[in-house]
1. Any idea how many residues of the stretch 59-85 are surrounded by fewer than 19 Cβ atoms within 10 Å (Cβ to Cβ) and among the hydrophobic types (A, V, I, L, M, F, W, C)?
2. On the given criteria, is A46 within 15 Å of the chain's Cα centre (by Cα), more than 15 Å from L98 (Cα to Cα) and exposed (fewer than 15 other Cβ atoms within 10 Å of the Cβ)?
3. Hey, can you tell me all the residues within the stretch 30-87 that are β-branched (V, I, T) and outside any helix (DSSP H, G or I)?
Amino acid sequence: MSRLATIALSMALLVPPAYAMDGMIVLPSAHSTPATMDRLEAAAKARDLKVFARIDHAAGARSIGQTLRPTELLIFGHPKGGTPLLQCAQRYGLELPLRVLAWEAGRTHRARAGWVTRIRPVTRCVRPVQNARSLSRN
């Protein structure tokens, strides 16, 4: 499932190679945070993935009179990939649906956004993970 997300979303972003941050995949984006999320959401929908929610954390901060650089979360997935993983180990319910975070990390007017996603494998679930990953090849 993580490969599905990585392939679909990196194709949409056309970004340089990823780097790891605390076990997460982080890719820089040449686009603003909202534009990055628009592209990620479009890529997920193009792969017939269900978008469950798009959360604007900066808007939440504004609602309580606080400030936060642009930060958005996209929650998406598909039962064909998630159900076999949950059948194998229900703790995948903490990792699924997949989540992608885009944020502005720049200190200048030129915003630089990034996105991150993570899923930890369960050893006994090798076949369901491989089957979920094969969805990215369809």
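1. 6
2. Yes: the conditions hold for A46.
3. Result: V51, I55, I64, T67, T71, I75.
For (1) closer than 20 Å to H78 by Cβ; (2) modelled with pLDDT of 90 or more, each residue gets a yes or a no:
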residue	(1), (2)
S10	yes, no
A20	no, no
I25	yes, no
A30	no, no
R39	yes, yes
K45	yes, yes
F52	yes, yes
I55	yes, yes
G60	no, yes
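The values are calculated or read from the model by the stated rules, or taken from the named source; none is laboratory data. Predicted, not measured: the structure shown is a model, and the values here were computed from it. Quick reminder, even Gly has a Cβ in these numbers, built from the backbone with ideal geometry, and neighbours come from all protein chains shown.
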